[in-house]
Amino acid sequence: MPTNLPPDTESFDAIIVGSGFGGSVCAAQLAAAGLAVVVLERGAPYPPGAFARTPREMRTNFWDPDAGLHGLFEIWSFAQVNAIVSAGLGGGSLIYANVLLEKPPETFADRVLPDGTLTSWPVDHPALEPHYAAVLDVLRPERLPATEPYASIPKATEFARAARAAGLDVDHPPMAIRFADAAGRTEPGIPLPPDGNLHDRPRVTCRLLGACDVGCNEGAKNSLDMTYLTEAKRHGARIRTLCEAVAVHSNPAPAGGWRVRYVQHAGARAGHRPDLLDPTGEIDRTITAPVVVIAAGALGSTRLLLGHRAALPGLSPQLGRRFSTNGDMITFARDCRTTPGGRGPRRDLSPSLGPVITTSARGSVDGHDVWLQDAGGPDFSEWGWQAPEVPGDLLGLLRRMLLRRAAEAIGGSRRRTRVSADVAAAFGTARSSAAMLPLLSMGIDVPGGRLSLDGDVLNLDWDPHGDSRGYFDAAEATARSTAAQLGGHLAPRFGLARARAMTVHPLGGCPMGRDRDHGVVDDHGEVFSADGLHRGLFVADGSVMPGPVGPNPSLTIAAVAHRFSARMIERASTGPRHG
């Protein structure tokens, strides 16, 4: 990077890298304070109606620019863990299941890890209480209504019953979903009044299509593009999608501050609104600001800082450490019956009806806290869940047809040409897709993972078979007992301690700490240096969590970012101002 920047280099009061639960909250707060803010988001905007549904659309719905892919899902495969994250305007809110739960006060307690390291939260629940409240005021969550048709969603009622029978505490959690219109009417598909969202698209109440995790084409989710980013833009923030930050450097004196280099994914710009893109055609750009907020997620932010140790001297030795999956585990209650023990008629759980998550349950096994939630997916996902039955069903169809032909030949009867019943029988019992329920577990695993760079390859050293084994055994036991109460059994699964883990909630890598020896950032998100702080350089996303949140972490990430924003505003306000 050259020392002298071109005279036409753009300058802002704050540059936000990423638009997830950290970046969006910071962008709105800083813009509302009158600061000149720019948000750099590597992914594209996704207005209602833009999310992939068909196989043809889905095949390009992944993020790998080197392969010409600029879609929504980025999938990482480490030695022991698979991770799924989002690339799009609104970050993880585009593909999360909308649950907004606070981190319980008792889980902020210090923990000594098996290697003797002390894990502590430099903020506690009382410190975050006003920030939780402020975030909820913007995201406006609603609980699953008690009226019809919501009250009779099969998976919601049956999972709640089974979890209580398994000894768990059960509730319908607050969710960032519009179930009611402005008049308070709760009915699927009611048009919502125009709200000036940044996409300028109409929205309707939740139609119970189970598509929360693949993007809501109805606009029923109060995702970050519909809320915080809309607010940021209303206050003058500039939003530049398909712009990926690749370098962060300090500006030399006397100017000071920071410069961010980013590249545009120009080949993916077509069809997107100009006001959500970089205003120039330059592929490689550099902009400056006294405040930079890195909010690219646990993997993205950690990777960016790991790659710039030389440019940012004195970074904490904790960089890359405290990785956690937030105890993520997915299992499946299979072949569920109306009575426990595998007897009675099969239970119709209709996992594609409703929002992805409707109900949350909490329990404790051997001192390990576990949160268990029902799950689901859109209609087309049921074809995938049906796959285990397909070979047997096809064999059954073949056997039935052969027996019929043999009987016709032996008896000398005319060949029967109407075979509708045979084809219908080929669908078997459909128990694999209807009498089943995905179960999502989260909890307090051991944040013992470490992220590192080998050249430009991000690696993760974390073994779910190791220190977190006790937690995962507890999570499996909780899911197994609930599956039994559903009258089913726990099927082959992903994410248990005896298998490869899968997470949609990667945390850590840039953990908060009370000093440089214990964290990468302080309790206001500012990055530690060898002799104090890298003034004006912040991290605000899931990477700053010193350990697992326990329940769904999105609300806590947003509340922490909201708290960080006050220091960011202070830093930007005392630096050179830019219009």
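The values are calculated or read from the model by the stated rules, or taken from the named source; none is laboratory data. Values in this document were obtained by computation on a predicted structure and should not be read as measured data. Cβ placement follows ideal geometry from the backbone for every residue including glycine, while neighbour counts extend to all protein chains displayed. Each accessible area value is taken on the protein alone, full model and side chains, heavy atoms only, with ligands, DNA and RNA left out. Shrake-Rupley method; radii C 1.70, N 1.55, O 1.52, S 1.80 Å.
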Check your understanding: At a 1.4 Å probe radius, carbon and sulfur cover how many percent of the accessible area of region 103-200?
Key -> 53
Review point. With charges set only on the Cβ (+1 for Lys and Arg, -1 for Asp and Glu), what does the dipole of region 477-567 come to about its Cα centre, in debye to the nearest 20?
Key: 520
Point to revise | Bridge type composition, the chain - antiparallel percent by DSSP, nearest 5 | key: 75
Exercise for review: Determine ³J(HN,Hα), in whole Hz, for all residues of region 110-120 in sequence, where each value follows from phi through the Karplus function 6.51 cos²θ - 1.76 cosθ + 1.60 and θ = phi - 60°; x replaces Gly and Pro.
Suggested key: 4, 10, 9, 6, x, 7, x, 6, 8, 9, 9
Exercise for review: Only Cα pairs under 8 Å and at least 6 apart count here; give the relative contact order of the chain as a rounded whole percent.
Suggested key: 23
Review point. What value, in deg cm²/dmol to 500, does the helix sum -39500 (n - 2.57) over DSSP H runs of n ≥ 4 give at 222 nm once divided by the residues of the chain?
Key: -7000 deg cm²/dmol
Check your understanding: Tilt of helix 23-32 relative to the longest C-alpha principal axis of the chain, in degrees (0 to 90, nearest 10)?
Key -> 50
Study note, to complete from the structure: Diffing region 170-180: the Karplus 3J(HN,Hα) column from phi (6.51, -1.76, 1.60, θ = phi - 60°), in whole Hz with x for Gly and Pro, holds 10, 7, 8, x, x, 9, 7, 9, 8, 8, 10
Practice item. With a 1.4 Å probe and every protein chain left in place, work out the accessible area per residue of the chain in Å², rounded to a whole number. Key: 39
Study note, to complete from the structure: Charge dipole of the chain built from unit charges on the beta carbon (Lys, Arg +1; Asp, Glu -1), centred at mean Cα; most positive-end Cα among VAL138, ALA474, GLY210 is GLY210
Revision key, fill the gap. Amide H proximity to SER529 below 5 Å, modelled H, separation 5+ or other chain, gives HIS534
Exercise for review: Treating only the Cβ atoms of Lys and Arg (+1) and Asp and Glu (-1) as charged, compute the dipole magnitude of region 188-295 about its Cα centre; round to the nearest 20 debye.
Suggested key: 100
Revision key, fill the gap. Phi-derived 3J(HN,Hα) across region 279-286 with the Karplus relation (6.51, -1.76, 1.60, θ = phi - 60°), rounded Hz, x for Gly and Pro, is x, 10, x, 6, 7, 10, 10, 10
Check your understanding: Could you give the dipole magnitude of the chain about its Cα centre, charging the beta-carbon of Lys and Arg +1 and that of Asp and Glu -1, in debye to the nearest 20?
Key -> 2120
Practice item. Report the local net charge at ARG201: Lys and Arg +1, Asp and Glu -1, summed over other residues whose C-beta lies under 12 Å from its C-beta. Key: -2
**Study point:** Candidate aspartates and glutamates - alpha carbon under 17 Å from LYS233, same-chain residues fewer than 8 apart omitted
**Key:** ASP13, GLU41, ASP195, ASP200, ASP225, ASP275, ASP278
Review point. Among ALA409, VAL365, GLY267, whose Cα sits farthest toward the positive end of the charge dipole of the chain (+1 at Cβ of Lys/Arg, -1 at Cβ of Asp/Glu, about the Cα centre)?
Key: ALA409
